[in-house]
Ligand code: SF4
């Protein structure tokens, strides 16, 4: 028997406003210049990177700064480099200034705010704890604003072993981490620091602040995503493999619906996933372009399982 399926796209999926803004800034710059350089991949999505590359966007590393500065000068042009939504450490701005490179700053305002808050607490002598991935681009930027004088943690155990409890401390989060783990880390630190204050004979004035800096564009989607995943028999989750919020949101879907499949490319779709299934949902990360989810929808709609 030939089996036809209904395939829909989650209406809350697609780029977050921070990514929309970054891509718009890149496209506006590409209208003015044939080539625009971006420091690191503009977003964690190979499909969108390829689309922008075809328009003239070139991904570089900071080691390319001297080369592009020289090349532009030889051609009598102003060298320009776009900074993506994840942001950069102050060192990058200093190097650009030194070489006469103009920065097109597309750092997401949510990330800029996180950097400013970290800097403020660092200047006041706090021990800075960041819940995040230490080598993630956003965290590298945040580490830079506090001269790398921070502790990056990913689990409660990690936190307890690394954080010095007798110092005034502030906890932040990378914007795309999961809130339940953030809250566990916050509680673990809070209760231990409280005990320390009570136990202390010397009366060490230990202070602890927890700043929930997880982006609302990620956390706000979780409840809607749970509902969407529960309403469908199978979910195809489309995202770049390097996307942090992709992993977080995929886990949310999978928790509710075990028939959730992560794909970066249409070629990874296996028709056997949908045997006997008639209602499929497509969703993705905040860096997944709508146009690619439309392709996936078209592909799945033409797929018939027997
Ligand atoms: S997820 Fe949030 S912090 Fe990250 S780019 Fe989007 S709006 Fe900005």
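The values are calculated or read from the model by the stated rules, or taken from the named source; none is laboratory data. If you're wondering where the values come from, they're calculated on a predicted model, not measured in any experiment. Every residue, glycine among them, receives a Cβ derived from its backbone with ideal geometry; neighbour counts consider all protein chains shown.
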Kindly indicate whether residue 261 is modelled with pLDDT of 95 or more, within 16 Å of the ligand (Cβ to nearest atom) and not assigned by TED's automatic domain parsing to the domain that holds residue 178. no
If we ask which residues in segment 102-124 are within 16 Å of the ligand (Cβ to nearest atom) and under 14 Å from residue 213 (Cβ atoms), their number turns out to be 11
Hits in segment 266-306 (condition: under 17 Å from residue 234 (Cβ atoms), touching a residue at least 60 places away in the same chain (Cβ under 8 Å) and assigned to a helix (DSSP H, G or I)): 274, 293, 296, 297, 300, 301
Among the residues in segment 235-249, are any within 18 Å of residue 299 (Cα to Cα) and surrounded by fewer than 16 Cβ atoms within 10 Å (Cβ to Cβ)? no
Tell me the residue from 127, 53 that is within 25 Å of residue 163 (Cβ to Cβ) and more than 16 Å from the ligand (Cβ to nearest atom), please. 127
When residue 44 is evaluated against the numbered criteria (1) modelled with pLDDT under 90; (2) away from the ligand (no atom under 14 Å from the Cβ), which criterion, by number, is the only one it fails? (2)
Condition (residue is surrounded by fewer than 22 Cβ atoms within 10 Å (Cβ to Cβ), part of a loop (DSSP other than H, G, I, E, B) and at pLDDT below 90) applied to segment 206-226: is it met by at least one residue? yes
Quick check on my filter: what residues within segment 99-129 are in contact with a helix residue (DSSP H, G or I) (Cβ under 9 Å, 6 or more places away or on another chain) and more than 18 Å from residue 152 (Cα to Cα)? 99, 100, 101, 102, 103, 104, 105, 106, 107, 108, 109, 110
Would you point out the residue of segment 14-31, among those that are over 20 Å from the mean Cα position of the chain (by Cα) and without any contact (Cβ under 8 Å) to a residue 24 or more places away in the chain, that is farthest from the ligand (Cβ to nearest atom)? 31
Tally up the residues in segment 134-164 that are crowded, with 17+ Cβ neighbours inside 10 Å and part of a loop (DSSP other than H, G, I, E, B), please. 3
Filtering segment 170-182 for residues that are over 10 Å from residue 156 (Cα atoms), in a helix (DSSP H, G or I) and more than 15 Å from the ligand (Cβ to nearest atom) leaves a count of 1
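Residues checked against (1) over 27 Å from residue 43 (Cβ atoms); (2) within 16 Å of the ligand (Cβ to nearest atom); (3) loosely packed, with under 14 Cβ neighbours inside 10 Å:
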| site | (1), (2), (3) |
| --- | --- |
| 268 | no, no, yes |
| 273 | no, no, no |
| 277 | yes, no, no |
| 281 | no, no, no |
| 286 | no, yes, no |
| 290 | no, yes, yes |
| 293 | no, no, no |
| 296 | no, no, no |
| 300 | no, no, no |
Output the number of the condition that residue 130 fails; it satisfies all remaining conditions of (1) assigned to a helix (DSSP H, G or I); (2) over 30 Å from residue 293 (Cβ atoms). (1)
How about segment 118-134: which of its residues are over 12 Å from the mean Cα position of the chain (by Cα) and closer than 24 Å to residue 40 by Cα? 118, 119, 130, 131, 134
Can you tell me which residue among 97, 77, 57 is at negative phi and in contact with a strand residue (DSSP E or B) (Cβ under 8 Å, 6 or more places away or on another chain)? 57
Does any residue of segment 41-63 turn out to be free of Cβ contacts under 8 Å to residues at least 60 places away in the same chain, farther than 25 Å from residue 241 by Cα and either crowded, with 18+ Cβ neighbours inside 10 Å or in the same structural domain as residue 284 (by TED's automatic domain parsing) (or both)? no
